[in-house]
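First comes the structure, then the notes that go with it.
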Amino acid sequence: MHQLLKTEPCSMLLLGNEAIVRGALEAGVRVSAAYPGTPSSEIGNNLFQIHSECPELVYFEFSVNEKVAMEVAAAAAAAGLRSLTCMKHVGMNVASDAMMSLAYVGVGAGMVIVCADDPSIHSSQNEQDNRFYGKMSFLPILESSSPQEAKDLVKRAFELSEALELPVILRTTTRTAHVRGPVQLEALPDAPKGLGRFQKDARRWVLVPGTARLRRKVLLERFEQAGAISEGFEFNEIIGSGDVGIVASGVSRGYVWDALHDMDCTNQVSFLSLVMTHPLPEKTIVNFAQNKKMLLVVEELEPFLEEEIRGVLQKNGVTTPVYGKNGAYLPRMSEFNPAQVRAAIAKFLGHSLVQQGPLQLPDMPPLPMRPPALCKGCPHTETYNLIKEVVHDLGLNEDVLYPTDIGCYTLGVMPPIQMADYLICMGSSVGSSAGFSVSTHQKIISFIGDSTFFHSGVSSLINAVHQGHRFCLVILDNSTTAMTGHQPNPGIQYVPPEYKKTRVPIEQVVRGCGVQHVFKINPHKKDESLPVVREALSLNELVVIISESPCILYAKKVGGRR
Amino acid sequence: MKRMRLLFVGVGGQGTLLASRLLGEACIKEGIPVLLSEVHGMAQRGGVVESTVMLGGLKSPLISPGEADVLIGFEPLETLRAISYCNQNSVVITSLSPIVPNVVKLGAAQYPDVSSVFERIRSGVSGFYACDAEELATKAGSPKSVNVLLLGMLMGTGLVPVSLESMEETIKTQVKPKTVEANLKAFRTGVELVSGK
Ligand code: SF4
């Protein structure tokens, strides 16, 4: 049995992401969907396994992208079933088209959107702060710190979502998603009976302009209600009664807490620990700030709370100065660490601080780096080498531009491969190749993985066919979404026996898009592949090479079954 | 209990995360407040893997430079890379079996002479324990139990208030059934190496 389905009450050591899944199960989630992305992936992985074990308990699918997943979860919630979707921060950019208007129609049963930000860019292409999506969409945001709190919050989020008839965003970060701590399990609900039913109401669910105007009004009213709930939100807490105030959210709450204890100054400070960070509890904040000499806001990334708080105080005529990202207390860039927050608080309180100095070791020899690398025997390496050889033979070396995409193969940017020249987001290999093909004479060879192709490459490929763009797209089909932990996608050939979904072969999709020149190679068969690649690269038209060979780690995992 | 910050560093595939998790599970058994942080995602592809175990009610998941009470290095080069997380009161436990990085294999860099640096570290910290973990783990039954052997060394220092029995119980229930024996042997080897018992 899956560990998250345990029924006897006990304490388990869970990852933040696992705790979120357990919370959703305890809340009776019925439908869930996601596209994987670090640091959110373990949520989908666990739901995928649980659904495979007990299909009637909870539905889960790895959708082709975050927007589709958002729509699947939204419809379930409209039909009266509690639903959940999760994504990494940049995934919300993809899903935001659905989310912005979903806020207008709202939900019937509760819906939770888990969004995992990645301060310090451990595994992403940018460091955006997704709390701004809450502001833009008027959806409430909750931010957890410990796994126990994450589990409790998911349950509370479903209730909140139903009270407001709005989806609720649970915002995590790498350090709350990938932290492990004890979690007290509570009862799971009885096995669900039957499905939901969608009650038709065109004046609510069909966003033509007239209805959209009505629904915008409703949304603004709901947002007011959310503000009232935020005032008394039981997870928000004021600790201590000192005459200076500190406000923090998410993992920063832990740093503040430890710093106050390390410096033994809990009695000097009043600490507002915020969990519901949007909408902010205005009255609470005014009352909190009124009798304080000054405030320090501790939050990772953008001064989201800081600017809101400054606005609220100004509106209410409170002149308490607010510090944080301004005045060089804390940086905007990167995640925090404990010493950094301790130093900021010491400066704020005017304490002198003796930090434990690191061990001094003069004459440390240079330490060779150990960047992540493609696995030994990875099919991507073979494909890169093949292309490199043909490019060299054709004398194109100087003139080739390699747009690339997101997956293990992005590591092709590193020596000795170094075949990655342009990358901005999922699917950008195809769209940017089109752009380069009309703006340069350079030869364009771009790379995209199978999962990324389904995620957001297909529509750009159709565009390229229609517009007559000329480039060579290499689809690296390794039969899995490897980098995030081997999730399935529609094209996969190698599957575990219990995986019974319909396969959508990439070659058929590519031909269906209208591409005339489609080639297929097995990168491990060099002698057969070289002439094919040579022919493909000699053409000055839109060409697709599908390089097909499973990820070796994944093949091991599924035992090479086909 | 006293608050304590432990930093585990290793290379993807060495079982660093399993080791920190085993310690976390044993702490739960003994009712010790514990919080762990782990690296997942891209770095696991043969890159550097770090995890922390925070004991005694700490709520911060990360450790700042100079603030690790114990550093457990699964690979000598990675121990050196993380040494700035230690201070003069820290305890360092390290494997001496190198895993050569790609840049070295490609001839673009040199694997450092670690022994002389380790001698200087030994005299600079409050405790230093090193062994050829891979050889000893292989002798105990499997080169894959380097992680549990180092966990044994940590337990041998007596710094962590978890009983050996709890730790062994945890190992029995958490590792693959086929590997229990080799892991327990490796664990005891590690304990004896440091405690002499
Ligand atoms: S996980 Fe698979 S696709 Fe990724 S580098 Fe390793 S073998 Fe290649």
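The values are calculated or read from the model by the stated rules, or taken from the named source; none is laboratory data. Fair warning: this is a prediction, and the values are worked out from it, not measured in the lab. Cβ: placed from backbone, ideal geometry, glycine included. Neighbour counts: every protein chain shown.
Just a few scattered comments:
- Here B:GLY41 passes the criteria (1) at the interface with chain A (Cβ under 10 Å from one of its Cβ atoms); (2) closer than 30 Å to A:TYR554 by Cβ; (3) modelled with pLDDT of 95 or more except the one numbered (3).
- Residue in segment A:110-119 that is in the same structural domain as A:ASP201 (by TED's automatic domain parsing) and under 20 Å from A:LEU207 (Cβ atoms) present: yes
- Among residues of segment A:450-476 being closer than 17 Å to A:SER547 by Cα and either within 14 Å of chain B (Cβ to nearest Cβ) or part of a loop (DSSP other than H, G, I, E, B) (or both), the one that is nearest to the ligand (Cβ to nearest atom) is A:GLY457.
- Within segment A:436-449, restricting attention to residues that are part of a helix (DSSP H, G or I) and out of contact with any strand residue (DSSP E or B) (no Cβ under 9 Å at 6 or more places or on another chain), the residue that is surrounded by the fewest Cβ atoms within 10 Å (Cβ to Cβ) is A:SER439.
- With respect to the conditions (1) farther than 24 Å from A:LEU166 by Cβ; (2) more than 14 Å from chain B (Cβ to nearest Cβ), A:CYS10 falls short on a single one, namely (2).
- Looking across segment B:48-66, the residues that are touching a Lys or Arg at 6+ places or on another chain (Cβ under 6 Å) and surrounded by fewer than 24 Cβ atoms within 10 Å (Cβ to Cβ) come down to B:VAL48, B:GLY56, B:LEU58.
- Qualifying residue in segment A:406-427 (condition: closer than 21 Å to A:PRO371 by Cβ, more than 14 Å from chain B (Cβ to nearest Cβ) and within 16 Å of the ligand (Cβ to nearest atom)): yes
- Some residue of segment A:296-315 being crowded, with 18+ Cβ neighbours inside 10 Å, within 14 Å of chain B (Cβ to nearest Cβ), aliphatic (A, V, I, L, M) and in contact with a strand residue (DSSP E or B) (Cβ under 6 Å, 6 or more places away or on another chain): yes
- Check on A:TYR384, surrounded by 15 or more Cβ atoms within 10 Å (Cβ to Cβ), within 16 Å of the ligand (Cβ to nearest atom) and in the same structural domain as A:PRO523 (by TED's automatic domain parsing): yes
- Residue match in segment A:228-236 (condition: small (Gly, Ala, Ser) and either surrounded by fewer than 20 Cβ atoms within 10 Å (Cβ to Cβ) or free of Cβ contacts under 8 Å to residues at least 24 places away in the same chain (or both)): yes
- There is no residue in segment B:12-19 that is crowded, with 24+ Cβ neighbours inside 10 Å and more than 15 Å from the chain's Cα centre (by Cα).
- Of all residues in segment A:482-494, those being within 16 Å of the ligand (Cβ to nearest atom), in contact (Cβ under 8 Å) with a residue 60 or more places away in the chain and not polar (S, T, N, Q) number 6.
- Residue match in segment B:59-70 (condition: within 8 Å of another protein chain (Cβ to nearest Cβ) and under 13 Å from the mean Cα position of the chain (by Cα)): no
- Of the strands (runs of 3 or more DSSP E) lying entirely inside segment A:216-310, those containing at least 2 residues that are of a type in the set (Val, Ile, Thr) are A:237-239, A:244-249, A:295-298.
- Residue check, A:SER479 closer than 28 Å to B:ARG45 by Cα, small (Gly, Ala, Ser) and either surrounded by fewer than 22 Cβ atoms within 10 Å (Cβ to Cβ) or within 16 Å of the ligand (Cβ to nearest atom) (or both): yes
- When A:PHE519 is tested against the conditions (1) under 20 Å from A:GLY412 (Cβ atoms); (2) touching a helix residue (DSSP H, G or I) at 6+ places or on another chain (Cβ under 6 Å); (3) away from the ligand (no atom under 16 Å from the Cβ); (4) touching a residue at least 60 places away in the same chain (Cβ under 8 Å), the lone failure is (4).
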